[in-house]
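K.L.:
Take this structure first; my questions come after.
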Amino acid sequence: MLELYLLLIFMIVGAIVAVELKDLLSSVIAVGAVGLGLSITFIVLKAPDVAITQLVVEILCLIILIRSTLKRDLPFSTSGRWFLNTMIALSFIGIFLFVAYKAIGDLPPFGYPIMKVASTYLKQGLAQTGATNIVASVILDYRAYDTLGEATILFTAVIGVLALVRRIGRKKSVEQEGSDE
Amino acid sequence: MTHTLYILCLALFCIGLYCILRKRNIIKIIIGVIISEYAVNLLFILVAYRMQGRSPIYSPDAAIENMVDALPQAVVLTSIVIGLATTALLIAIAMRIYEKYKTFDITKINELRG
């Protein structure tokens, strides 16, 4: 139990550092530390599949973030309605915390999950699907449509990224604007 | 005192929320989104944990009874991959904004749009 507390406190400290640092590259690296801490936490919480996925996704995410922030560091503008903005943000967080305080009492105590649906999967998973890994049998057999939806979202996002990043269409539009002028 | 870990997880989410609402740099806002997403995934796995449990993988020498909840783990596995896709899309939009306006500051972008 103690290692869980230590890991969570490490993640909170890393998140505060990532939010408050002025240098963008250092901030991105701090987010990477938080993500790797999350991966270790998943292993401690007995979720090895999720930990492996988190590790791979974290590294990919870090590469994309570093690619986007490299050599583009900018000074922060701290002028403007500083007090009003902070008060609005803090009031939103206060409302969220109030609702969360009401809701967190309904959660089961830590270490004693409800497992109404999952007990069926655990008892009959091997006989019905033939997979020794229950998580794999859930995502690929019991809830395969969920995984299909995930693949759809993934391809939609890839199409969006390609449409935003590609350079062929953009040059034509620039030339057209130039010829119009 | 059984909910202390949930409250720590909530604190992580609040840091991400503060970053989204308060910061003006687009990259910082994306970092806030990533941190909140981590906190939500962590909450699911925390709810799924069972005392002295073991990972939901069959082995011939262990009993079935003591496994942790497998359903939130499968859901979070989907959620992590979707998180990567949305983060990549956000960063692509941010880079296009930088190419057009030469800045990451959202207040200046607002001024330029007039």
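The values are calculated or read from the model by the stated rules, or taken from the named source; none is laboratory data. A quick note: this is a predicted structure, and the numbers were derived from the prediction, not measured. Glycine gets a Cβ as well: all are built from the backbone with ideal geometry, and neighbour counts include every protein chain shown. The protein model used for the area step is the full one, side chains on, heavy atoms only, and it has no ligands, DNA or RNA in it. Shrake-Rupley method; radii C 1.70, N 1.55, O 1.52, S 1.80 Å.
K.L.:
Counting alpha carbon pairs within less than 8 Å and at least 6 residues apart, what relative contact order, in whole percent, applies to chain A?
P.N.:
Relative contact order of chain A: 12 percent.
K.L.:
Hey, another quick one. Determine the shielding of peptide A:87-94 by partner chains: average, over its residues, the number of Cβ atoms on other chains within 10 angstrom of each Cβ.
P.N.:
Going residue by residue through A:87-94 and averaging, the value is 3.
K.L.:
Now a separate question. Kirkwood Rh over Cα pairs of region B:6-114 into Stokes-Einstein at 4 °C, 1.567 mPa s: D in µm²/s?
P.N.:
78 µm²/s
K.L.:
Determine the shielding of peptide A:32-43 by partner chains: average, over its residues, the number of Cβ atoms on other chains within 10 angstrom of each Cβ. Spell out each step's value before the answer.
P.N.:
Values: counts 0, 0, 8, 3, 0, 2, 8, 0, 0, 6, 6, 1.
Mean shielding by partner chains, rounded to a whole number: 3.
K.L.:
Shifting gears a bit: At 20 °C and 1.002 mPa s, what whole-number value in µm²/s does Stokes-Einstein give for the translational diffusion of region A:1-71, with Rh from the Kirkwood sum over Cα pairs?
P.N.:
170 µm²/s
K.L.:
Once you've got the GNM for chain A with C-alpha springs shorter than 10 Å, pick whichever of A:A157, A:A47, A:A127 has the biggest mean-square fluctuation.
P.N.:
Among A:A157, A:A47, A:A127, the largest mean-square fluctuation in the Gaussian network model of chain A belongs to A:A157.
K.L.:
How far is it, in nm, from the label point at A:F96 to the one at A:K22 when both lie 7 Å from their Cα along the line to the Cβ?
P.N.:
2.6 nm
K.L.:
If you put +1 on each Lys and Arg Cβ and -1 on each Asp and Glu Cβ, how big is the dipole of chain A around its Cα centre, in Debye rounded to 20?
P.N.:
Working: 15 positive and 14 negative charges, 11 e Å.
The calculated dipole for chain A is roughly 60 debye.
K.L.:
Using r as the Cβ-Cβ distance of A:L84 and B:E99, and R0 as 41 Å, what FRET efficiency do you calculate, to the nearest 0.05?
P.N.:
Efficiency, from the Cβ-Cβ distance: 0.85.
K.L.:
Turning to a different aspect of this structure: Once you have a ≥ b ≥ c as the square roots of the Cα gyration tensor eigenvalues for region B:1-62, tell me rounded if a/c is under 1.5, and otherwise prolate or oblate according to whether a/b is larger than b/c.
P.N.:
Judged from the Cα gyration tensor, region B:1-62 comes out oblate (a/c at least 1.5, b/c at or above a/b).
K.L.:
Can you give me the P(r) profile for chain A? Cα pairs, bins 10 angstrom wide beginning at 0, each as a whole percent.
P.N.:
Calculated P(r), rounded to whole percents: 7, 17, 28, 27, 13, 6, 2, 0.
K.L.:
What number comes out for accessible area per residue over chain A if the probe is 1.4 Å? Units Å², please.
P.N.:
Here the per-residue accessible area is 63 Å².
K.L.:
I would also like to ask the following. Order of A:13-22, A:31-40 by packing, highest average Cβ count within 10 Å first?
P.N.:
A:31-40, A:13-22
K.L.:
To the nearest 500 deg cm²/dmol, what mean residue ellipticity at 222 nm is calculated for chain A from DSSP H runs of n ≥ 4 alone, each contributing -39,500 (n - 2.57), summed and divided by the residues?
P.N.:
Estimated from H runs of four or more residues: -25000 deg cm²/dmol.
K.L.:
Hey, another quick one. Which peptide among A:81-87, B:98-104 comes first, and what is the full order, when sorted by highest mean count of other Cβ atoms within 10 Å?
P.N.:
The most tightly packed comes first, giving B:98-104, A:81-87.
K.L.:
Let me ask something additional. Ratio of alpha-carbon Rg to the 2.2 N^0.38 Å globular estimate for region A:101-147, to two decimals, please. Walk me through the numbers on the way to the answer.
P.N.:
Details: Rg = 13.9 Å, N = 47, 2.2 N^0.38 = 9.5 Å.
Expressed relative to 2.2 N^0.38 Å, the Cα Rg reads 1.46.
K.L.:
Can you compute the equivalent ellipsoid semi-axes for region A:87-174, i.e. the square root of 5 times each eigenvalue of the Cα gyration tensor, sorted largest first and rounded to whole Å?
P.N.:
Each semi-axis is the square root of five times an eigenvalue, giving 38, 31, 7 Å.
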